[in-house]
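Report on the following structure.
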Amino acid sequence: MLEMDEFDRKDVEAVLAGDEEAFERLFVRHNQAVAKQMRNFAKNPDAAEELCHDVFVEAYLSLGKFRGEAPFRHWLARIATLTGYKYWRVRGKEKRNLPLPADQPAPEVTERDPAAAADLLFDLLALLPAADRLLLTLMYLEHLGQDEIASRIGATRVMVAVRIFRAKKKLKAIGEKEPWKGRIAWILS
């Protein structure tokens, strides 16, 4: 198991003792990683920034529950994941249309254009229920393995494996419909 970074440990202890500047140091140290993670949950930069803010507010309020058994970054990533998932669940009540009109073909995306592929995958994932979208986002966009995903969401590895299998099947069914048909097969493999 990974040990907690000494700087993080000292700053967490200082925050718990009332030193607010210590939390600012934690924020500066981890803000970029959290911001990057939040961009996987919200394409809109303002929404991603607000989610990032929500993560740090939740971390500050929950710091007393942090046990320090793993790196602070792992604990923060879990808070970020749950914050992003909550964001999707709240927004998921709204039905979304396909990102492209049916009469307009989906863009041809190849493995050589990872940014375009990531955008297309983001749009496809947005068509899934929040729980499925979360698993596939962690797998495809954050490049986590099933053990890491299970740890991040508080589930068993077997449950994660089954749910990922089902989510991939749903995503593949969406990808086989127009306007996506035949254009993104390499993403869904």
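List the extent of the Cα atoms of segment 114-188 along each of their three principal axes, largest first, rounded to whole Å.
Principal extents (largest minus smallest coordinate, Cα): 36, 23, 19 Å.
What's the local net charge at ASN44, with K and R +1, D and E -1, over the other residues with C-beta under 12 Å away? Intermediate values should be presented prior to the final figure.
Details: positive: ARG39, LYS43, ARG91; negative: ASP46, GLU49, GLU50.
Local net charge: 0.
Going from the alpha-carbon gyration tensor of segment 13-85, what semi-axes, largest first and in whole Å, does one get by taking the root of 5 times each eigenvalue?
Taking √(5λ) for each Cα gyration eigenvalue gives 22, 13, 10 Å.
Each value in this text was obtained by applying a stated rule to the coordinates, not by laboratory testing. The structure presented is a predicted model; accordingly, all values stated were derived computationally and were not measured. Don't worry about glycine lacking a Cβ; one is built from the backbone with ideal geometry, like all the others, and counts go over all protein chains shown.
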